[in-house]
1. Past the 25 angstrom mark, what percentage of all C-alpha to C-alpha distances in the stretch 194-303 do you count?
2. Would you kindly state how much longer the chain becomes between residue 107 and residue 297 on full extension, computed as 0.36 nm times their sequence separation minus their alpha carbon distance, in nm to one decimal?
3. Report the gain in length on full extension from residue 179 to residue 15: 0.36 nm times residue separation, minus Cα-Cα distance, nm rounded to one decimal.
4. Throw me the Rg/Rh for the stretch 3-347, computed over C-alpha atoms with Kirkwood Rh, two decimals.
5. Using a simple spin-label model with points 7 Å from Cα along the Cα→Cβ vector, what separation in nm is obtained for residue 326 and residue 244?
């Protein structure tokens, strides 16, 4: 009941194979995972913006095949959203407030006709919290010692808007179109008191994460033979614009600042065929995924009354890859509890 009033992160916390620490998600201790929303790649931090009331199920896949993606070798988390098929208009409005400075609101609307289904949802979340920590570090080989006291105040403000439509062209043909806009904002202010062997230092950090994430997908399903075979063709795209401005103060004077950013772009095209035989099910398909991530980090130092660009602390990166894959899997049931699978995957990554 508590999870139903929270977000996808709150549901994941109860999964035995999933661990969450410092906003990082791991499956069985492995952080190299892929997060999907209705099959579209998204980021782990976006899970905190997805209301639990809009979720039908969450798949935690520890042994993914190529039909999902080769990007998450440690596993895949796939969030499946609800799609209300009740005839006519329906809606839900919810608001929650926690005494620990937490508030969110959610509105979900749907309109269903025999041939079409429309859906819209909007979620907003605000949260702030304070974390106090201490660190005592001593290097025995040199005798170097530092004692640090830190107070961090974190402010989170997220917006999540999604719109989708299903077209039931006829009993054997369906077309679905979905679009989503995610705008998370996170600000962390840190007060640090560092005590060294011969002096004390007072620091203050102000770091802000700004991001805009647009996702879209189009899926067409043709039922070749009801309850026996079908073909699904799916195209998706995910585009993120992110910026991380940071300001660093010592003794009340700003002496360093930086700005980082990136713009990941992930389109994919996939076709899947399924056929049920009397002895098992055959799944086969092809997938083409392109990834591009343009990341920059600019660092500045204040000296002689002006900001000076630091070559040593600034970095840029451009990463691109194109991954084609062809896969096939046959699964069957032997008895009531024993399953067998045979899979063949051919994939090429740079």
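1. Numbers: 3302 of 5995 pairs.
Value for the stretch 194-303 (Cα pairs over 25 Å): 55 percent.
2. So the extension gain works out to 64.6 nm.
3. Values: separation 164, 0.36 × 164 = 59.04 nm, distance 2.79 nm.
Working it through step by step, the gained length comes to 56.2 nm.
4. Radius of gyration relative to Kirkwood radius: 1.04.
5. 4.0 nm
Just so you know, all these numbers are worked out from the coordinates, no wet-lab data involved. Source: prediction; values computed, not measured. Here Cβ is always computed from backbone atoms with ideal geometry, including for glycine, and neighbour counts include all displayed protein chains.
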